[in-house]
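What follows is calculated from the coordinates using simple rules that are stated; it is not laboratory data. What you are looking at is a predicted structure, and each value in this text was computed from that prediction instead of being measured. Here the Cβ is made from the backbone with ideal geometry for all residues, glycine too, and neighbour counts use every protein chain on show.
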């Protein structure tokens, strides 16, 4: 009887906590300002409340984005690119990047993506997530005033 209980405990503690293969994360450029005081609207790091330890193959998609309270100086760019440290390198305009998604530039944008584009994850351990919002020539966008915010919903999806 004791052996059966020990086996059940081992199975339960080693089960993947994300059995359905989906994890949704809501992040904001203002979330972790106490940990990362140098965060800016166009370049910020978010600390997760609890690190994720993912097993198997996972990919990342951007479900929605909301840019509010800012005017964007895009230096002539028509599109913005969301870069994320979790993404495996992709080739964009002949250069390897960590692009999560490219989207048209709009002021005070709120966009829900009905079709997600997924990018393979670079890591299986996630405690912080870094984002850069770039325009043309890999330059960070200039948000004015700097106290605006970018909010995103991300989907991590198991792919194997």
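Things to note:
- Binned Cα-Cα distance frequencies in region 21-158 - 10 Å width, integer %: 12, 45, 36, 8, 0
- Share, in percent, of DSSP beta bridges within region 21-158 that are antiparallel, nearest 5: 100 percent
- Cβ-derived FRET efficiency at R0 22 Å, residue 25 paired with residue 105, nearest 0.05: 0.40
- Relative contact order (%) - region 21-158, alpha-carbon pairs under 8 angstrom, separation at least six: 45 percent
- With a simple spin-label model that places each label point 7 Å from the Cα along the Cα-to-Cβ direction, the separation between residue 38 and residue 85 comes to 1.2 nm.
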